[in-house]
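Here's the structure we're looking at; comments come further down.
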Amino acid sequence: MTKPCIICCAITGSLPRKENNPAVPITVEEQIESTHEAFEAGATIAHAHVRNDDQTTTSDPEKFARLKEGLEKHCPGMIIQFSTGGRSGAEKERGGMLPLRPDMASLSVGSVNFPTRVYTNSPDLVAWLSSEMHKYEVTPEIEAFDLSHILQAIHMNKNGALPGKLYVQFVMGVKNAMPVDKEVFDFYAKIMTERAPDAEWCAAGIGANQIVVNEWSIAAGGHTRTGLEDNVRLDRETLAPSNAALVKRAAELCDKYERSVATWQQAREMLGLKTPQIV
């Protein structure tokens, strides 16, 4: 298998706290340092949320701006992907950072049950977020929690409703949403290959299933996501010491399946993203 594997590192998320793992980076400064370590370990996409100093979630554009500036300085070439997820804000507040023009932003194109609530993505909100991504030339990463989300993303891409190259991420293992199921995973990959052959896809597993889904995705020729947002442990007894440690674990799987870890240049080429000027 010759296609390099893009490793995305979801550095913080909205839920993990220092009480869960002291390595979870909360402040912008901690996020920059943690991402730099992950970048050096092989991650080429930084999936970023921001937090308040008390660890609560926020969509504060000022915090996103400081994070973007720091990542561009300390991780030159790395793909910066902001989250527009529902835990960080309500309705259009979720897209308030898009005018900062990150390389990418997450986008969920349908609603789904989460552990204690409904993750609501109304058609109107999805259309508005998509239009903002068009406006500011931000490529979406589709976070698919259900088969319908994959099919909707393919439909929106063909109709020109999504900017940039189609990139779909299968999210598996969220309670009440799609479980980690190999037969379902294989079907998702088959759908992408047959119905969107020019697209790229990746997969993420939650908690202990992170390493399971990492291996499925790498073995199947897709890309993969790791990081402390989704999983704070190396195993049942051991906390992950850093985001970089989880990235290194994914990179070792790439070696196992004789795939190189994509450089930031290769990742940008595969995802159709502009190459920044490195000062």
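What to note about this one:
- Of all residues in segment 67-98, those satisfying the criterion of being open to solvent by 60 Å² or more (accessible area, probe 1.4 Å) and within 26 Å of residue 266 (Cα to Cα) are 69, 72, 73, 74.
- Single residue of 232, 247, 212, 180 found to be touching a residue at least 40 places away in the same chain (Cβ under 8 Å), farther than 18 Å from residue 154 by Cβ and open to solvent by 10 Å² or more (accessible area, probe 1.4 Å): 232
- Verdict on residue 132 being at positive phi, acidic (Asp, Glu) and either surrounded by fewer than 22 Cβ atoms within 10 Å (Cβ to Cβ) or more than 18 Å from the chain's Cα centre (by Cα) (or both): no
- Lone unmet requirement of (1) open to solvent by 10 Å² or more (accessible area, probe 1.4 Å); (2) not β-branched (Val, Ile, Thr); (3) not in a loop (DSSP other than H, G, I, E, B) for residue 20: (3)
- The numbered conditions (1) within 22 Å of residue 246 (Cα to Cα); (2) part of a loop (DSSP other than H, G, I, E, B); (3) not hydrophobic (A, V, I, L, M, F, W, C) are all true for residue 163 except (1).
- Residues located in segment 99-114, provided they are of a type outside the set (Gly, Ala, Ser) and open to solvent by less than 60 Å² (accessible area, probe 1.4 Å): 100, 102, 103, 104, 107, 109, 112, 114
- Number of positions in segment 170-196 that are part of a loop (DSSP other than H, G, I, E, B) and among the polar types (S, T, N, Q): 1
- Number of residues in segment 183-195 that are surrounded by fewer than 20 Cβ atoms within 10 Å (Cβ to Cβ) and hydrophobic (A, V, I, L, M, F, W, C) equals 4.
- Any hit, segment 267-276, residues being open to solvent by less than 60 Å² (accessible area, probe 1.4 Å), more than 17 Å from the chain's Cα centre (by Cα) and more than 23 Å from residue 172 (Cβ to Cβ): yes
The values are calculated or read from the model by the stated rules, or taken from the named source; none is laboratory data. Predicted, not measured: the structure shown is a model, and the values here were computed from it. Note that each Cβ is placed from the backbone with ideal geometry, even for glycine, and that neighbours are counted across all protein chains shown. Ligands, DNA and RNA are stripped out before the accessible areas are found, and what is left, the full protein with its side chains, is counted by its heavy atoms. Shrake-Rupley method; radii C 1.70, N 1.55, O 1.52, S 1.80 Å.
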